[in-house]
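Okay, structure first, notes after.
The values are calculated or read from the model by the stated rules, or taken from the named source; none is laboratory data. Computed from a predicted structure; not experimentally measured. Cβ placement follows ideal geometry from the backbone for every residue including glycine, while neighbour counts extend to all protein chains displayed. Accessible surface areas use protein heavy atoms only, side chains included; no ligands, DNA or RNA. Shrake-Rupley method; radii C 1.70, N 1.55, O 1.52, S 1.80 Å.
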Amino acid sequence: MFSTRYDWAWHQSLGFRILALLSVVLLPIGLLAVLQTQEVTDRVEEQSQQNILALSERAAGGQHAPIQAAFGAARVIGATSVNLQTNPNDCSAFLERVVSITPVYSFVALIPPDGQVTCSSTGQAFDATAYDNFDDAMERRAASVFVNRAGPLSEQSVLIVSEPIEIDGEFFGFISISIPHDRLPTNIGIGGAETPQSILLLNSRGEIVSATAGFDAAEQDRPGEENLARLVTEPPRVFRGTAIDGQAHLYGSSILIPDVLTALAVWDPDTPIARRLDFAISPSLFPIFMWVASLIVAYFALDRLVVRQIRSLSDGIRLFASDRRSPFTDKGHLLSGELTAIERDFQRMAEDVIYDEAKLEGAIKEKDVLLKEVHHRVKNNLQLISSIMNMQLRKTTNGETKQILSRLQDRVQSLATVHRKLYQTENLDKLDAGYLVRDLVSQTARLSTVPEQHMDLQFDIEPVVMYPDQAVPLSLFLTEAAINAFKYAGADEGKAPWVKVRFVLEAPGQALLEISNSLGTSTPLAEESEMSGFGSQLIRAFSMQLRAKTEVTQDNGVYRVVSRFNVEEFEPEYREEV
């Protein structure tokens, strides 16, 4: 029998192996795609950051321009005011004219190293050493930007630009220019969707010196986890952070004046340019998805074009092997040329096999007919011989002769019964020996008992399949033993004699045949009967042909013949060449 189930493990299937091979083949391509995608992603992210930084710097230009101009003006004013320093009135008048022609400035002063200011746009002298940043500025002697929320002279929030004055290596102090915050532009000046929310200007200490949205809003918008002083010393960058008010923002830092002024742009993370930095799924995963998708597509394509068709061919072969049916239909539009050729070759092979089997089956049927005819004719000839013996029995008056002819007739009848069973059975190579035993014993009972005699005949028979070569000596052995049992079966007065026949398989391939009969008080002993003569010789001879172990016992009024033998397989006879 051929099973239609596939008895291999899943990892041994063709589909899995093809999928594993494709995975290995496509893996380098997938890795290369991941690397290239990551490189492109990095470039896009870098370009987006550069755009944000450029827009941030551009947005800070409105406040950066007057501050940068103030540093330039401070350098020019410094050279002139130093020459006028010896005449405070002229120096102050000069600075006053500078403030008058530059509305964005509210105050200009020359602060000497000793801090005693005598030259200012207001004409008033004052002591600058009281300012918090005076000592640090004199020590650093570098340009700087400070903020004073309440200017001592203007009493308003001002941004102070300090530019050191050195002429021929001699330090003369600082030119300090105050710019009121309300005179600085508050509009960012870009417009459109790609505009930061606000611009914060930081000095070298990381202090907020100006903000387009005001200082209060700037304190809320500044990144809470970032050190603003560090931003001044770092290269321009874009980063995400959480503001003091807990809102998430995108920040872009740009250096306006190196080591002096840095712009920090605060961006809404939902603006289009900010969203370009957000990827819901890492772009590196797309090549992986494409790799997996290509594997799935390749697998289903192979399953559709190859695996499924091979499985269909396999199912067809199994179906043909089980019941000789060809399930193949015309699938030429689905199968590849190679699979189509395999299917056609198998169909041709199947047709040849069916044709050859049909011829062989016809030859076997013809042989069976001939064998049945042979067995039928042998049975008829044996019946004819038995009839001749019966005619002779009627004419013979000698009792001993009648007994001999009767026993011989029984033996001929047993052989005829075997041949009758052989031509009646469907399978000539084997027959049911159990049915044969029952038939022979019943036939012997009819011939061996008189009508007036009541004989209790008992059977314990199982179906035992045997080959004819072993069934013939078995039938002859059984006939001799049964005739002897019926002949000498007896019983005490008032009881019926009995004969029991038992034919079973004691073990696989090992048969047991037992014929027993009751003995009456008037029954002659078996040793004094024909068992010790010709019949006994025949039983021993047939027992040898059966290769059986036969035992004859008499105990407690029961006479028993027990024979054990192996049910042999068919062994063909080979003729020796002369």
Could you run the Karplus curve 6.51 cos²θ - 1.76 cosθ + 1.60 with θ = phi - 60° over segment 558-563 and give me ³J(HN,Hα) per residue in whole Hz, x for Gly and Pro? 10, 9, 9, 10, 10, 10
To the nearest 0.05, the calculated FRET efficiency linking Leu405 and Asp460 through their beta-carbon distance, R0 being 56 Å, is 0.95
Taking 7 Å along the Cα-to-C-beta vector as the label spot, tell me the Ala54-Ala93 distance in nanometres, rounded to one decimal. 5.1
Sequence order, segment 300-307: Karplus ³J(HN,Hα) from phi using 6.51 cos²θ - 1.76 cosθ + 1.60, θ = phi - 60°, Hz rounded, Gly and Pro as x, gives 5, 5, 5, 5, 6, 8, 10, 4
Which order do you get for Glu46, Glu219 if you rank them by accessible area with a 1.4 Å probe, largest at the top? Glu46, Glu219
Evaluate the distance, in nm, between pseudo-label points positioned 7 Å from the Cα of Leu21 and of Ile296 along their respective Cα→Cβ axes. 2.3
Point-to-point label distance, Lys430-Ala217, nm (Cα→Cβ direction, 7 Å offset): 10.3
Quick check on packing: order 546-553, 158-165, 203-210 by the mean number of other C-beta atoms within 10 Å, highest mean leading. 158-165, 203-210, 546-553
Computed over the chain, protein heavy atoms only, probe 1.4 angstrom, the accessible area per residue in square angstrom equals 56
Under 18 Å from a label point 7 Å along Cα→Cβ of Val374: give me every residue in segment 467-481 with its amide N that close. 467-473
If you stretched the chain out fully between Met544 and Glu234, how much longer would it get, using 0.36 nm times the residue separation minus the C-alpha to C-alpha distance? 100.2 nm
Mind listing the long-range amide H neighbours of Cys119? Cut-off is under 5 Å, sequence gap 5 or more, other chains count too, H placed in the peptide plane at 1.01 Å from N. Leu110
At R0 = 41 Å the Cβ-Cβ FRET efficiency linking Val44 and Ala150, nearest 0.05, sits at 0.30
For Lys495 and Thr186 in the same chain, what is the full-extension length gain: residue separation times 0.36 nm, less their Cα-Cα distance, in nm? 97.3 nm
extent check for the chain: Cα max minus min per principal axis, descending, whole Å, gives 189, 59, 44
What do you get for the angle between helix 88-101 and the principal long axis of the chain? Use alpha-carbon atoms, 0 to 90 degrees, nearest ten. 50
Helix-only mean residue ellipticity at 222 nm, the chain, DSSP H runs n ≥ 4 weighted -39,500 (n - 2.57), per residue, nearest 500. What is it? -16500 deg cm²/dmol
From the phi of every residue in segment 464-479, what ³J(HN,Hα) in whole Hz does the Karplus formula 6.51 cos²θ - 1.76 cosθ + 1.60 yield, where θ is phi - 60° and glycine or proline is x? 10, 7, 9, 7, x, 4, 9, 5, 5, x, 5, 5, 5, 4, 5, 4
Computed lengthening from Ala507 to Leu35, 0.36 nm per intervening residue step minus Cα-Cα distance: 162.4 nm
What percent does the relative contact order of the chain come to when contacts are Cα pairs within less than 8 Å and at least six residues apart? 9
Taking protein heavy atoms only, a 1.4 Å probe, and rounding to whole percent, the accessible area of the chain owed to carbon and sulfur comes out at 54
